[in-house]
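Here's the structure we're looking at; comments come further down.
The values are calculated or read from the model by the stated rules, or taken from the named source; none is laboratory data. None of the values given here were measured: they were computed from a predicted structure. As a convention, Cβ positions derive from the backbone with ideal geometry for all residues, glycine included, and neighbour counts pool all protein chains shown.
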Amino acid sequence: MRIGKGLNGAAGNSTGNGSAQKLLEPAGYGRGECDPRGGPLRAVRTVPLFGLFLFLFFFVSSCPAGAALVPRALLKWSGLESEHAVVVDKEAQEVWVFHKGESIRPTVVFPCSTGENGGPKQRKNDRKTPEGVYFFTQSYTEKDLSSTYGVRAYPIDYPNPLDRLEGRGGYGIWFHGTNKMLKPRDTNGCVVLENHSIETLSRYIRLRRTPVIITDKIEWVEDAVRRREAAGVEESLERWRSAWERGDLDAYIGAYAGSFNGRGMDLAAWKRYKAGLFMRYKKIRVRIEGLELFQVNGVVLAKFHQIFQGNGFTSSGEKRLYLAKNSASWKIVGEFFKEGKRAVSPVKPLEVKEEIARFVRTWRRAWEDKDLDAYMACYDSSFRSRGMNRSAWRRYKAGLNRKYGKLRVLVEGRKIRLTGPGQAMVRFRQRYVADTYEDYGRKVLLLVKRGKRWKIRRETWKKIAENGNANRR
């Protein structure tokens, strides 16, 4: 299959022109594209690299002593689903990639081109790029594409649930490459990068996991400000959750905006619907796992895994709440739930946790024994960590095995949390000893169950200072 004219309309032109992307620092202006509905690309210019260094100077000098600026959009981002986030600055015509490690840091910035017309997308053919929080849904390579789209293309999930709720139309919004020079603000609505840039971007994308924030302009704040604002949203969510669990209908409905709409119901209909459920389930437990908060244009997306238990019934799945600030508090304007597995009887978490504990012991022994095949058998094919996929991780670990003789890995204070059907998180303190080298830190393993076997799909490690000194591998 080749994607082009047959998708949504006439194909346009595209091209990549070799202007520089910058690792670990912001880049300049970018070039153009056409979206799958078609339309030609026109000529382009780039901004001199001097502008890049000027930006860095003012960016660094504007930070208070010891403070770093971060995007306000990334309110609460764990990095467990994806250790990278993509943020589009339409005003600057830039695509930023951020990495979540011990802190949020920019990894790379690309020039890009967005819609010819300003403002968020409202309807089909308005030549505007949408604004909001999205996720990449598919990946196409050059063999699947017409020349319009360069060497790679990634559709996003526009319109998202909030877009549909608010009546925004259109479709076919992609990130893709181009075979032509770019011109700023020259697309039908897509976000277009040069071919070498989209190839680099592909390293950081996990389909349906990597958040894509498209905004008119990145708003930079101190990390303390971001954390404080996230705490305010979390307080509102906790009031909503606890009122639901208590069966306090008035307090529960008080968490919603008057303009709320969910499942086709306005607030009054939603209250009647929930009153019936409160009568049905006398004892309710609601858990929120893996909460992430992203903010665009004053609206916060709260995305998390929700587990509901009541009267022996259990359901779980992904919940998305959209919140807007009403006076001093955050109110829910939209609610969407995608159910995962449903059970009619409670799960047995103790048995599952024991199974996971055995898996962690197997993983640790294989590591200590330098049995690379057995060690890598513990990792999922989707695994990514520190910018490495499973193949790169194997090469990295093989190098360490050659470098060091005897290895010793100690696990302390292990905590296991079930985050959803077939998903778990394991946290512990890890001491690694090899020859004359030693380090100590907090490790997090994000697990997924494949058939009867648990696999690691994400691994993070953060050093812990001992007596004011620590090393890091």
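Has the range 120-129 got any residue that is among the hydroxyl-bearing types (Ser, Thr, Tyr) and more than 27 Å from Arg320 (Cα to Cα)?
First pass over the range 120-129, keeping only residues among the hydroxyl-bearing types (Ser, Thr, Tyr): 129.
Filter once more, keeping what is more than 27 Å from Arg320 (Cα to Cα): none.
Looking through the range 120-129, none of the residues is among the hydroxyl-bearing types (Ser, Thr, Tyr) and more than 27 Å from Arg320 (Cα to Cα).
List the number of the failed condition for Ser202; all other conditions in (1) in the same structural domain as Val108 (by TED's automatic domain parsing); (2) crowded, with 20+ Cβ neighbours inside 10 Å hold.
Just one mismatch for Ser202, condition (2).
Would you point out the residue of the range 143-177, among those that are in a helix (DSSP H, G or I) and among the acidic types (Asp, Glu), that is farthest from Leu193 (Cα to Cα)?
Only one residue tops the list, namely Asp163.
Tell me, which residue of the range 100-147 that is of a type in the set (Ser, Thr, Tyr) and closer than 25 Å to Val300 by Cα is surrounded by the most Cβ atoms within 10 Å (Cβ to Cβ)?
Ranking the qualifying residues of the range 100-147, first place goes to Thr114.
Which condition breaks for Phe135 when tested against (1) more than 15 Å from the chain's Cα centre (by Cα); (2) modelled with pLDDT of 95 or more?
All conditions pass for Phe135, except number (1).
How many residues does the range 268-308 contain that are in a strand (DSSP E or B) and either within 26 Å of Tyr134 (Cβ to Cβ) or in contact (Cβ under 8 Å) with a residue 24 or more places away in the chain (or both)? So that I can check it myself, show each step before the final result.
Looking only at the range 268-308, we keep the residues that are in a strand (DSSP E or B), and these are 284-296, 299-308.
In the following step, the residues that additionally are either within 26 Å of Tyr134 (Cβ to Cβ) or in contact (Cβ under 8 Å) with a residue 24 or more places away in the chain (or both) were identified as 284-286, 288-296, 299-308.
Number of matching residues: 22.
Please tell me if Ser329 is in contact (Cβ under 8 Å) with a residue 24 or more places away in the chain and either surrounded by fewer than 16 Cβ atoms within 10 Å (Cβ to Cβ) or in the same structural domain as Val433 (by TED's automatic domain parsing) (or both).
Details: in contact (Cβ under 8 Å) with a residue 24 or more places away in the chain: yes; either surrounded by fewer than 16 Cβ atoms within 10 Å (Cβ to Cβ) or in the same structural domain as Val433 (by TED's automatic domain parsing) (or both): yes.
In short, yes.
Restricting to the range 191-220, give me the number of residues that are among the aliphatic types (A, V, I, L, M) and part of a loop (DSSP other than H, G, I, E, B). Don't jump to the end; show me each part of the working.
To start, the set of residues in the range 191-220 that are among the aliphatic types (A, V, I, L, M) comprises 191-193, 198, 201, 205, 207, 212-214, 218.
Add one more test, that the residue is part of a loop (DSSP other than H, G, I, E, B), and what stays is 193, 205, 207, 218.
The qualifying residues number 4.
I'd like the full set of residues that are free of Cβ contacts under 8 Å to residues at least 24 places away in the same chain and either in contact with a Lys or Arg (Cβ under 9 Å, 6 or more places away or on another chain) or in the same structural domain as Val97 (by TED's automatic domain parsing) (or both), limited to the range 352-380.
Asp371, Ala374, Tyr375, Met376, Ala377
For the range 247-267, check the following and say yes or no: at least one residue is part of a helix (DSSP H, G or I) and among the hydroxyl-bearing types (Ser, Thr, Tyr). Spell out the reasoning first.
Filtering the range 247-267 for residues part of a helix (DSSP H, G or I) gives 249-253, 267.
Cutting the leftovers down to among the hydroxyl-bearing types (Ser, Thr, Tyr) gives us 252.
Checking the range 247-267: at least one residue is part of a helix (DSSP H, G or I) and among the hydroxyl-bearing types (Ser, Thr, Tyr).
Yes or no: the range 300-323 includes at least one residue that is more than 28 Å from Lys76 (Cα to Cα), at pLDDT below 90 and crowded, with 16+ Cβ neighbours inside 10 Å. It would help to see each step written out before you state the result.
To start, the set of residues in the range 300-323 that are more than 28 Å from Lys76 (Cα to Cα) comprises 310-313.
In the following step, the residues that additionally are at pLDDT below 90 were identified as 310-313.
Then keep just the ones that are crowded, with 16+ Cβ neighbours inside 10 Å; that gives 310.
Checking the range 300-323: at least one residue is more than 28 Å from Lys76 (Cα to Cα), at pLDDT below 90 and crowded, with 16+ Cβ neighbours inside 10 Å.
When you look at Ser381, is it loosely packed, with under 13 Cβ neighbours inside 10 Å and over 20 Å from the mean Cα position of the chain (by Cα), yes or no? Show your work before the answer.
Details: loosely packed, with under 13 Cβ neighbours inside 10 Å: yes; over 20 Å from the mean Cα position of the chain (by Cα): no.
The answer is no for Ser381.
Which one is modelled with the highest pLDDT, of the residues in the range 349-405 that are polar (S, T, N, Q) and part of a strand (DSSP E or B)? Spell out how you get there, then give the answer.
Residues of the range 349-405 that are polar (S, T, N, Q), as a first pass: 362, 381-382, 385, 389, 391, 401.
If we keep only those that are part of a strand (DSSP E or B) too, we end up with 381-382, 385, 389.
Values: Ser381: 88, Ser382: 88, Ser385: 89, Asn389: 92.
Restricting to residues being polar (S, T, N, Q) and part of a strand (DSSP E or B), the top hit is Asn389.
Looking for something in the same structural domain as Gly170 (by TED's automatic domain parsing), part of a strand (DSSP E or B) and hydroxyl-bearing (Ser, Thr, Tyr) - is there at least one such residue anywhere in the range 105-117? Full working, then the answer.
At the first step, the residues of the range 105-117 found to be in the same structural domain as Gly170 (by TED's automatic domain parsing) are 105-117.
If we keep only those that are part of a strand (DSSP E or B) as well, we get 105-111, 113, 115, 117.
Among the residues that remain, those that are also hydroxyl-bearing (Ser, Thr, Tyr) are: 107, 113.
Yes.
From the list Gly177, Gly189, Gly150, pick out the single residue that is crowded, with 24+ Cβ neighbours inside 10 Å, in contact (Cβ under 8 Å) with a residue 60 or more places away in the chain, small (Gly, Ala, Ser) and within 30 Å of Ala324 (Cα to Cα).
Details: Gly177 fails: within 30 Å of Ala324 (Cα to Cα); Gly150 fails: within 30 Å of Ala324 (Cα to Cα).
So the residue among Gly177, Gly189, Gly150 that is crowded, with 24+ Cβ neighbours inside 10 Å, in contact (Cβ under 8 Å) with a residue 60 or more places away in the chain, small (Gly, Ala, Ser) and within 30 Å of Ala324 (Cα to Cα) is Gly189.
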